[in-house]
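Q: Quick one: the structure is below, and I'll ask about it shortly.
Every number in this text was worked out from the coordinates using simple rules, so none of it is lab data. In this text the structure is predicted, and so the values were computed from the model without any measurement. Here the Cβ positions follow ideal geometry from the backbone for every residue, glycine too, while neighbour counts run over all protein chains shown.
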Amino acid sequence: MPLNREFVGRTYKQSASYEVSRVKIREFAAAIGDTNPISRDQEAAREAGHPDVVAPPTFPIVFSLSGAGEALVDPELGLNFAMVVHGEQRFEYIRPIYAGDELVYDSTITDIRTVGRNEMLTVRSDVTTVAGEPVCTTYNTIVERGGAA
């Protein structure tokens with residue numbers, strides 16, 4: 001069953017900020033096999049000109065898709081999670097994410113389309129600091145296999 005196109009353009013605000021810690025950055029770097037010292041060592045990050053440990057570029061996946069979580073579980077959308085796979089993910093950075101950042105984000109469903117027998121849904125999340133400084137924009141596309149059939 002096709003996804004409900006009326007969800008395109010809906011924006012969802014997160015309920016709380018996300019506090020970035022050195023521990024979370026180190027754990028994420030270890031999980032993805034990133035051995036860059038600026039993601040693991042505060043002194044190495046400072047020597048490279050950063051104020052603190054730097055999160056790997058894909059780090060926002062930890063929190064960004066949860067902003068649209070309310071929509072994804074809404075029965076009116078019609079998404080069958082048993083058939084969902086990851087389609088695409090990309091990031092556009094204004095500046096790196098550092099340990100100590102407190103981030104907020106709004107997530108918007110920007111596209112729902114049919115590709116063959118599949119339904120594809122794209123969510124854009126605009127990430128800023130709590131003070132309003134832009135940090136990055138994330139784009140996540142999920143695929144519901146066979147949803148269009």
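Q: Got a sec? Charge dipole of the chain, +1 on Cβ for Lys and Arg, -1 for Asp and Glu; which of ILE109, THR141, GLY67 is way out at the positive end?
A: Checking the options against the dipole of the chain, the answer is THR141.
Q: In whole angstrom, and with the biggest value first, how far do the Cα coordinates of the chain range along each principal axis?
A: Computed over the Cα atoms, the extents are 55, 32, 21 Å.
Q: When the Karplus curve 6.51 cos²θ - 1.76 cosθ + 1.60 is applied with θ = phi - 60°, which whole-Hz ³J(HN,Hα) does each residue of segment 49-55 get, with x for Gly and Pro?
A: x, 9, x, 6, 4, 9, 6
Q: Once both axes come from the Cα atoms, what is the angle between helix 22-32 and the longest principal axis of the chain, in degrees from 0 to 90, rounded to 10?
A: Taking Cα atoms only, the helix is inclined about 60 degrees.
Q: Near the amide H of ARG10, under 5 Å away, which other amide H atoms are found, from residues 5 or more places off or on another chain, if H is placed in the peptide plane?
A: Sorted by chain and number, the residues that satisfy this are ILE109.
Q: Hey, another quick one. Dipole size in debye (nearest 20) for the chain around its Cα centre, Lys and Arg Cβ +1, Asp and Glu Cβ -1?
A: 340 debye
Q: Over segment 25-124, calculate the relative contact order: mean separation of alpha carbon pairs under 8 Å at least 6 apart, over the residue count, as a percent.
A: 23 percent
Q: Using helices alone, what [θ] at 222 nm do you get for the chain, with -39,500 (n - 2.57) per DSSP H run of 4 or more residues, divided over all residues and rounded to the nearest 500?
A: So the calculated ellipticity at 222 nm is -3500 deg cm²/dmol.
Q: Suppose each label sits 7 Å from its Cα in the direction of the beta carbon; what would the ALA82-ARG10 distance come out to in nanometres?
A: In this crude spin-label approximation the distance works out to 2.3 nm.
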